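No value in this document is a laboratory result; all are computed from the given coordinates. This structure is a prediction, so every number in the text was calculated from the model and none was measured. Neighbour counts are summed over all protein chains in view; Cβ atoms, including those assigned to glycine, are modelled from backbone coordinates with ideal geometry.
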């Protein structure tokens, strides 16, 4: 689910027209670390995730929910199962 979370954060960054460098300054994380997080190459701590969400004016719960739905949909389609309910 890490890559789905990273994708949601990248989308928010683009929508808000915030650069990785600007985000890094807002949350006191280096630009290179932000880049790794946003590409799903490195895991972030819960505190870092919450800080990034707050800096982008996102609900952490919403990001998790959307990432979970992406993951669930991909797993269902790859197994041939459909989601119900």
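Details
- Size check on segment 1-40: the Cα extents along the three principal axes, sorted descending, read 26, 20, 12 Å.
- Here each label is just a point 7 Å from Cα along the line to Cβ, and for residue 70 and residue 46 those points are 2.2 nm apart.
- For peptides 58-65, 14-21, sequence by mean Cβ density within 10 Å, most packed first: 58-65, 14-21
- Nitroxide proxy distance, nm - points 7 Å out along Cα→Cβ at residue 62 and residue 32: 3.3 nm
- Residue order, fewest to most beta carbons within 10 Å, for 57, 22, 4: 57, 22, 4
- For segment 2-78: rounded, prolate or oblate by the Cα gyration tensor [a/c cutoff 1.5]: prolate
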